[in-house]
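First the structure, in the form of structure tokens, and then the observations on it.
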């Protein structure tokens, strides 16, 4: 197990008073077989009139807040203490032919009904015909599911260039296939589209990634970041989580916060404000330190 202290701060600044702010956040790390959230707190500045927590359809912890004090600056700070290990899957399940892992074919499997929700298009993961052509190159008939999914991850990492600002939340999968640039959310969405185009279950995961500084260099707060990756359902084993941005199966440097069909289900922070301000800025900082 590796232990982390994670501080995630989101700061909104407005040019004139905001008289009401409603917010929702997914910031508490999940408790999983390989991960334990030992402590978590969230603070809002200015102090909210209401702050309460709720567990959503997918088992993620969400926090809701309502700020009624007029303000030109809103700060949402989350501090978590987490132990993270390795998500080890049954190797026998990974060598099953991929065709047999389609949830629609496994009505005898009690977990297939839950996985089915991750086989359909979703608001940020459309499934154009061209994505199936791309994915099938990694999924020839009879290939083991683990081997095929890992190769798809390798290809996405190789074929795509990480470029901040090159996409928006309105970017379609067909646009990504043509431009082949994006950020971690795009890499994850593209992989999910590929899996779902073949009838497989693909789950979007939001979390944090701890990166190690170069040898001899001190750790910087910038060595950590919010991150996103994809999960592929493996009957009898759970989910194989793959990080196409960094071309690796997730390990103890990945802290899982929430999962859903796509980014829209699990944004770190979102909300609605009442104001006459025409301009605003948002700054996000993440510090993830081993303890």
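The values are calculated or read from the model by the stated rules, or taken from the named source; none is laboratory data. Predicted model only: the values in this text are computed from it and were never measured. Don't worry about glycine lacking a Cβ; one is built from the backbone with ideal geometry, like all the others, and counts go over all protein chains shown.
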Tell me yes or no: at least one residue of region 67-81 is more than 30 Å from residue 276 (Cα to Cα) and surrounded by fewer than 18 Cβ atoms within 10 Å (Cβ to Cβ).
yes
Which of the residues spanning region 1-50 are outside any strand (DSSP E or B) and touching a residue at least 12 places away in the same chain (Cβ under 8 Å)?
1, 26, 27, 28, 29, 30, 33, 34, 46, 47, 48, 49
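Modelled with pLDDT of 95 or more, buried (at least 24 other Cβ atoms within 10 Å of the Cβ) and not assigned by TED's automatic domain parsing to the domain that holds residue 10: does that describe residue 200?
yes
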When you check residue 270 against the structure, is it within 23 Å of residue 182 (Cα to Cα), touching a residue at least 12 places away in the same chain (Cβ under 8 Å) and surrounded by fewer than 20 Cβ atoms within 10 Å (Cβ to Cβ), yes or no?
yes
Evaluate region 215-227: report whether one residue or more is over 14 Å from residue 188 (Cβ atoms), assigned to a loop (DSSP other than H, G, I, E, B), in contact with a strand residue (DSSP E or B) (Cβ under 9 Å, 6 or more places away or on another chain) and at pLDDT 95 or above.
no
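Okay, residues lined up against (1) out of contact with any helix residue (DSSP H, G or I) (no Cβ under 9 Å at 6 or more places or on another chain); (2) modelled with pLDDT under 95; (3) surrounded by fewer than 20 Cβ atoms within 10 Å (Cβ to Cβ):
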position: 230; (1), (2), (3): no, no, no
position: 236; (1), (2), (3): no, yes, yes
position: 244; (1), (2), (3): no, no, no
position: 251; (1), (2), (3): yes, no, yes
